[in-house]
1. Do we find that S57 is under 22 Å from the mean Cα position of the chain (by Cα) and either assigned to a helix (DSSP H, G or I) or more than 21 Å from L156 (Cβ to Cβ) (or both) in this structure?
2. For the structure I just gave you, tell me whether A265 is under 30 Å from Q192 (Cβ atoms), modelled with pLDDT under 90 and assigned to a loop (DSSP other than H, G, I, E, B).
3. Just give me the residues in region 129-183 being more than 25 Å from M63 (Cα to Cα) and of a type in the set (K, R), in sequence order.
4. Only one of (1) farther than 14 Å from V91 by Cβ; (2) without any contact (Cβ under 8 Å) to a residue 40 or more places away in the chain fails for D128. Which number is that?
5. Say we look at region 71-86 and pick out the residues that are in a strand (DSSP E or B) and not aliphatic (A, V, I, L, M); which of these is surrounded by the fewest Cβ atoms within 10 Å (Cβ to Cβ)?
Amino acid sequence: MLQARALTRCYGEFKAVDNVSFSVETGEIVGLLGPNGAGKTTVMKILTGYLEPDAGSVTFDGMDLSSRRLDVQSRLGYLPENLPVYGELSVVDYLDYAADLKGLAGRAKRDELLRAVAATDLAGRLSDPINTLSRGLRQRVGVAQAILGSPSLVILDEPTNGLDPEQTRHMRALIADIARDATVILSTHIMQEVDALCSRALIMRAGSLALDASLHELQASGRLLLHTDWQGAEAALSALAGVSAVRGRQLQEGVFEYALQSEGARDSRALQAGVAKAVVDSGNNLYSLQREKRDLETVFRQINEGAAPGEFSDAA
């Protein structure tokens, strides 16, 4: 559905986005992550056509953004982190204005306004001036304008920023509902949002795409942790097929822990069987052997510290 190829964007001498490529398929909820200054917002502005890349291209449903910008923009919705609104306008007047900007008119406009208001549960607030609303309600107004016109791609930049736990719960439910009919790109600093909503994560660092992986792949990519009484087993374990690195330490008297990094996407069960056989054949005892659980926060921290996602961290 969406294809970004080798996107690059500079601000003077500063390269904010550096050769970023990825694709997003229909129906996905993809988390776009990265520390401040990583290039996330610039990527989103390029995807929406607000900024032009210095190099690279964006295609959406087969349409090139550079040559068919208005056609692409008519099929997407965007909630920027700081939504520009006219605070003195009522909710209904602002949404009516947003519908006009999207080219909606007549019955189609009325139906879309009713749908967006119902989806965001704003019916009881239509006459309220926007500057009298809580942050959570203002965010809902922003989402309502983003989904006007039934876009097939919705880009949300920090939609839960500043919300309390109850408002966050409502926003998560709303995003899940939106994803039933649209592909969603969700930019956030909150790992729990990605864990709760997304099937895939894109992590940026210093303008580059450092990771593009499904959450399932990340969780399955943890190291094997072996507990045994086999002292000095690093060399033997490193020689096993599928093992790329081994780190060992003594936990207590007579008990050693070995963390084994696997090569690529080798079958986990086959690798565990090979490790178990090596321990038994050596005449030592195997106390435990299990796959380490990797969460998104750990991967994000390692990438932010400059490590590749598959590398050992010093904290491990």
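The values are calculated or read from the model by the stated rules, or taken from the named source; none is laboratory data. Fair warning: this is a prediction, and the values are worked out from it, not measured in the lab. So basically every Cβ, Gly included, is an ideal-geometry build from the backbone, and we count neighbours across all protein chains shown.
1. On the way: under 22 Å from the mean Cα position of the chain (by Cα): yes; either assigned to a helix (DSSP H, G or I) or more than 21 Å from L156 (Cβ to Cβ) (or both): yes.
When the stated conditions are applied, S57 passes them.
2. So A265 fits the description; yes.
3. The answer is R135, R138, R140, R169, R172.
4. Here D128 meets the rest and fails (1).
5. Looking only at region 71-86, we keep the residues that are in a strand (DSSP E or B), and these are 76-79.
If we keep only those that are not aliphatic (A, V, I, L, M) as well, we get 77-78.
Numbers: G77: 27, Y78: 22.
The qualifying residue surrounded by the fewest Cβ atoms within 10 Å (Cβ to Cβ) is Y78.
Residue by residue, here is whether (1) farther than 25 Å from E193 by Cβ; (2) in contact with a helix residue (DSSP H, G or I) (Cβ under 7 Å, 6 or more places away or on another chain); (3) basic (K, R) holds:
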| position | (1), (2), (3) |
| --- | --- |
| I29 | no, yes, no |
| P35 | no, yes, no |
| L51 | no, yes, no |
| S57 | yes, no, no |
| M63 | yes, yes, no |
| S66 | yes, no, no |
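Each row is one residue, and each column tells you yes or no for (1) surrounded by fewer than 17 Cβ atoms within 10 Å (Cβ to Cβ); (2) out of contact with any helix residue (DSSP H, G or I) (no Cβ under 6 Å at 6 or more places or on another chain).
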| residue | (1), (2) |
| --- | --- |
| V154 | no, no |
| T168 | no, yes |
| D177 | yes, yes |
| D181 | yes, yes |
| I185 | no, yes |
| G207 | no, yes |
| L215 | no, yes |
| L225 | yes, yes |
| F256 | no, yes |
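Here is a yes/no grid of residues against (1) in contact (Cβ under 8 Å) with a residue 60 or more places away in the chain; (2) buried (at least 19 other Cβ atoms within 10 Å of the Cβ):
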position	(1), (2)
R5	no, no
V17	yes, yes
S21	yes, no
V24	yes, yes
G56	no, no
T59	no, no
G62	no, no
